[in-house]
Every structure is written in C-alpha cells, then in structure tokens.
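Report on the following structure.
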Amino acid sequence: MPFLSELSHATEWMDPDLVPRPIVTFGATGTTPPRLSPEQEAFYRDRRENDFHQHIKGQLLLAQRGILSCEIEGGLWMVPPQSAIWIPCQTQHKVTASGPIECYIMFISPQAASALPPNCCTVSISPLLRELLVRAAAFPLLYPEGGLETHLATLLLDEIAIAPTGNLHLPMPTDARLRKIVSMITDTPAERGTIQSWAKRVGLSERTLARLLAQETGMSFGRWRQQLHIMLAVKWLGTGSSVQQVADDLGYESAGSFVTMFRKAIGTSPARYMAQRRGIVA
C-alpha cells in the first residue's frame with residue numbers, strides 16, 4: 001500500500017485476513033516518511049494497492065482527507081473526503097490516492113459482512129460511523145471478544161449496512177479498443193474530439209464504438225465522457241485545484257460552463273460540493 005506510510009497497530013502487525021476477529025481496523029496516513037515494519041512491507045509488497053489484488057475479507061476505506069479511487073473490472077469509483085468505499089470479499093481491485101492522505105481501513109470477515117452490499121459501492125459517512133471507525137482503529141488486533149469491542153463492532157456493521165450509497169461511479173469497458181480510448185481521454189481530457197474522431201483512432205466505426213460502449217457501460221459516448229470529467233473534477237478539486245484550473249484542464253470555455261455542467265450532474269456547485277465533503281458550511 002505505497003500511499004500509506006504510517007499505520008495503527010504497528011507493533012502488533014498481522015495480515016488482516018489472518019486475524020481471527022470479525023473486524024480489523026487501521027488508521028493510516030500518507031503525509032509522513034515511510035515507517036512500515038518488515039511484516040507490513042512484505043504484506044504490501046505482495047498485495048500492492050496500485051496493482052489489482054484481493055482480500056479474503058471485505059474492505060471499507062474511509063477517506064478522511066485526500067482522494068481515493070478504486071477500480072474493479074467494469075467500474076471505477078471516486079472517494080472524496082468524508083466518504084468511503086465498500087469492496088466486498090474476494091473482489092479484485094486496485095486503489096490509488098491523490099494528495100496527502102488520511103484514512104481508515106476496515107477489514108470485515110465474510111460472515112460479518114453478510115448484510116453489507118454484495119457489490120462495490122461508495123458509502124456516505126455519518127458523524128457516528130466516522131467516530132466508530134476511529135474508535136475501532138484503536139482496538140488491539142486481538143481484542144477480547146464478548147465485551148465492549150464486540151458490541152461496538154456490531155454497531156459499526158449495522159451503521160455501514162444502513163449508510164446511503166453514493167454516485168461517483170464510472171462504468172469501465174473491458175474491450176481493448178475501448179480501454180485505449182479511456183486511456184487517451186484520461187491523459188488529455190481537454191481534447192474535445194467527436195465520437196467519430198475517437199472511433200477512427202482505434203480503427204472502429206462510429207456506430208461500432210457507440211454499440212460497444214452501450215453494451216459494456218450502458219451509456220452513450222457523450223454521457224460516459226461527462227461522467228469521466230466529473231470524476232476527474234472531484235479528484236482535482238480534492239487535491240487543491242481551483243474551479244478555474246479544473247475547467248481549463250477539462251477543456252471548458254469558461255469556469256461558468258464547467259460549473260453549470262457540474263451542478264446539473266451532481267446537484268450542487270463544485271465549491272459547495274467540496275465544502276460539504278470537508279465539513280465546511282458553504
């Protein structure tokens with residue numbers, strides 16, 4: 001997990017999948033020089049978060065500060081501050097981070113996760129759920145069962161089960177030609193080519209590109225590209241870019257036209273959206 005450099009439980013590290021408890025929670029940050037134990041380094045060398053991997057246990061990642069993104073086959077999720085992502089057990093995924101990161105990572109056994117969503121999704125974090133995660137991160141790995149820790153773990157799981165899910169999700173195609181287009185648009189999002197011009201770059205007709213994209217994502221090309229722009233905008237805003245900078249980088253003629261698009265898609269302005277994520281009244 002290269003983006004994390006300091007974890008709780010540093011003196012009692014075990015592979016979370018091997019800890020015989022229904023939940024295992026860590027607090028972590030990426031703002032300090034690496035101080036992983038040899039055991040931690042070996043674990044994350046085998047299962048690097050920026051490569052596809054899976055865990056026996058399900059995984060909830062709360063972004064307290066910074067932006068996390070998670071990709072599984074067929075989907076990409078963006079996790080802004082004060083939000084979380086739920087990754088079910090045995091799901092191949094990769095996680096990347098942008099900006100200084102402060103987060104909490106909770107591993108949940110398959111038995112304890114039976115009431116949680118069967119698919120990957122973002123989760124809105126209430127103040128209670130956030131405080132429960134913070135408290136759980138202070139538990140010893142092998143906390144005593146049947147006491148306060150068990151009761152708190154049960155409450156935590158109940159809160160996750162009823163938490164609202166978010167919509168910062170982008171269906172991702174698997175066709176190699178479509179993936180090439182995804183990479184090119186991600187690398188140069190300001191390039192406002194037509195569906196015809198993008199199709200020509202990968203040797204497809206406009207009709208074939210539209211058909212494949214609809215089959216694999218359920219979206220038109222224009223709708224899919226707009227959702228990608230929303231995801232990139234949230235990522236850049238969360239790492240400190242101004243609204244004007246984001247508008248320029250996405251190729252909008254003005255900050256106003258970008259704000260209008262963002263408001264229609266998300267329901268609020270970029271500034272207010274990020275202020276809400278950071279717990280600031282705007």
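What residues from region 260-277 fall in the zone where the backbone N is under 17 Å from a label point 7 Å along the Cα-to-C-beta line of Arg192?
260-263
How many nm separate the modelled label positions at Arg65 and Ser183, each set 7 Å beyond the Cα in the direction of the Cβ?
Taking the simple label geometry, Arg65 and Ser183 are separated by 3.5 nm.
Given contacts defined as C-alpha pairs under 8 Å and at least six residues apart, what's the relative contact order of the chain, whole-number percent? If you can, show how the numbers build up before the last one.
Numbers: 490 pairs, mean separation 50.0, N = 282.
Across the chain, relative contact order equals 18 percent.
With each run of n ≥ 4 DSSP H residues scored as -39500 (n - 2.57), what mean residue ellipticity at 222 nm is computed for the chain after dividing by its residue count and rounding to the nearest 500 deg cm²/dmol?
Dividing the helical sum by the residues of the chain leaves -12000 deg cm²/dmol.
Would you mind counting up the charge near Tyr143? Only other residues with Cβ under 9 Å from its Cβ, with Lys and Arg at +1 and Asp and Glu at -1. Write down the numbers at each step before the final one.
Values: positive: Arg21; negative: Glu145, Glu149.
My count for the surroundings of Tyr143 gives -1.
Which value, in debye to the nearest 20, describes the size of the charge dipole of the chain about its Cα centre when Lys and Arg Cβ atoms bear +1, Asp and Glu Cβ atoms bear -1, and nothing else is charged? The partial results should precede the final answer.
Working: 26 positive and 25 negative charges, 231 e Å.
Once rounded to the nearest 20, the dipole reads 1100 debye.
What GluC sites (Glu not before Pro) does region 201-254 have in DSSP loop regions with at most 15 other beta carbons within 10 Å?
Within region 201-254, the qualifying GluC sites (Glu not before Pro) (loop, at most 15 other Cβ atoms within 10 Å) are Glu253.
Could you name the lysines in cross-link range of Lys200, using Cα to Cα under 26 Å and dropping any fewer than eight places away on the same chain?
Lys180
Report, in degrees rounded to the nearest 10, the 0 to 90 angle that the Cα long axis of helix 148-162 makes with the longest principal axis of the chain.
20 degrees
Please name which of Met184, Leu133, Leu209 has its Cα lying farthest along the dipole of the chain towards the positive end, using unit charges on Cβ (Lys, Arg +1; Asp, Glu -1) and the Cα centre as origin.
Selected residue: Leu209.
Please list, in order, the residues from region 59-95 whose amide nitrogen is less than 20 Å from a point placed 7 Å along the Cα→Cβ vector of Phe52.
Within reach of a label on Phe52, which here means backbone N under 20 Å from a point 7 Å along Cα→Cβ, region 59-95 contributes 59, 69-78, 86-95.
Would you mind putting 60-70, 267-277, 181-191, 223-233 in packing order, based on average other-beta-carbon counts within 10 Å, highest first?
Values: 60-70: 22.5, 267-277: 16.3, 181-191: 14.4, 223-233: 19.6.
Descending mean neighbour count gives 60-70, 223-233, 267-277, 181-191.
Once both axes come from the Cα atoms, what is the angle between helix 221-238 and the longest principal axis of the chain, in degrees from 0 to 90, rounded to 10?
Taking Cα atoms only, the helix is inclined about 50 degrees.
If each of Glu206 and Asn167 carries a label point 7 Å out from its Cα toward its Cβ, how far apart are those two points in nm?
2.9 nm
Around Trp198, with a cut-off of 11 angstrom between Cβ atoms, what is the net charge of the other residues, counting Lys and Arg +1 and Asp and Glu -1?
Details: positive: Arg177, Lys180, Arg192, Lys200, Arg201, Arg225; negative: Glu191, Glu206.
The answer is +4.
Could you state the angle between the C-alpha long axis of helix 255-266 and the longest principal axis of the C-alpha atoms of the chain, as a value from 0 to 90 degrees rounded to the nearest 10?
The angle comes out at about 60 degrees.
Using +1 at the C-beta of Lys and Arg and -1 at the C-beta of Asp and Glu, which of Gln64, Val246, Trp86 has the Cα lying farthest in the positive direction of the dipole of the chain?
Comparing the listed Cα positions along the dipole, Val246 ranks first.
No value in this document is a laboratory result; all are computed from the given coordinates. Worth saying up front: this structure is predicted, and the values here are computed from it rather than measured. No Cβ is skipped: glycine too gets one built from the backbone with ideal geometry, and neighbour counts run over all protein chains shown.
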